[in-house]
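As structure tokens, the structure follows; a few thoughts come after it.
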Amino acid sequence: MRQSTAFWAALILLLSACGNPPPPANAETTASAAEHIGLADGDGDGRLTLDEFRAFVALEAEDDIGRSRMIERFGRHAQAFERLDADADQTVTLEEIVAARAEANAD
């Protein structure tokens, strides 16, 4: 079952209220990431495998978000996936993507 964009937006707000997560890089790209995860997440578990991440990057590249076009152009999906997988569980979540974007924007 695929999660809706509203679900992901609500989850972001809930996580923000429950602790001190890194701030999103910007609300628009966070919302699009949530939407793209929903579209790319084949099993609907909210976590992207490497294959699902490839589909996610393609969707992000269509909207020219972040470094997605470069990842697509040079086929660096595995490297980007590994960098985003902060807890090394072989999946990437919205929270990990948001944290990485916030870190990249802090530089």
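The values are calculated or read from the model by the stated rules, or taken from the named source; none is laboratory data. In this text, all values refer to a predicted model and were calculated from it rather than measured experimentally. Cβ: placed from backbone, ideal geometry, glycine included. Neighbour counts: every protein chain shown. The area values use the complete protein model at the heavy-atom level, side chains included, leaving out ligands, DNA and RNA. Shrake-Rupley method; radii C 1.70, N 1.55, O 1.52, S 1.80 Å.
Against the condition farther than 15 Å from GLU95 by Cβ and either open to solvent by less than 60 Å² (accessible area, probe 1.4 Å) or modelled with pLDDT under 95 (or both), how does ALA61 come out, does it pass?
yes
Quick one: how many residues across the stretch 47-74 are within 23 Å of ASN105 (Cβ to Cβ) and in a helix (DSSP H, G or I)?
Summing the residues that are within 23 Å of ASN105 (Cβ to Cβ) and in a helix (DSSP H, G or I) in the stretch 47-74 gives 15.
Of all the residues that make up the stretch 47-58, how many are open to solvent by 30 Å² or more (accessible area, probe 1.4 Å) and either without any contact (Cβ under 8 Å) to a residue 40 or more places away in the chain or not hydroxyl-bearing (Ser, Thr, Tyr) (or both)?
The number of residues fulfilling the criteria is 6.
Could you grab me the full set of residues in the stretch 64-107 that are among the small types (Gly, Ala, Ser) and surrounded by fewer than 15 Cβ atoms within 10 Å (Cβ to Cβ)?
Hits for the stretch 64-107 are GLY75, ALA78, ALA86, ALA88, ALA104, ALA106.
Could you tell me whether any residue of the stretch 75-83 is aromatic (Phe, Trp, Tyr), part of a helix (DSSP H, G or I) and over 13 Å from the mean Cα position of the chain (by Cα)?
No: zero hits.
Going by the conditions given, is ASN20 out of contact with any strand residue (DSSP E or B) (no Cβ under 9 Å at 6 or more places or on another chain), modelled with pLDDT under 80 and outside any helix (DSSP H, G or I)?
Judged against the criteria, ASN20 is a match.
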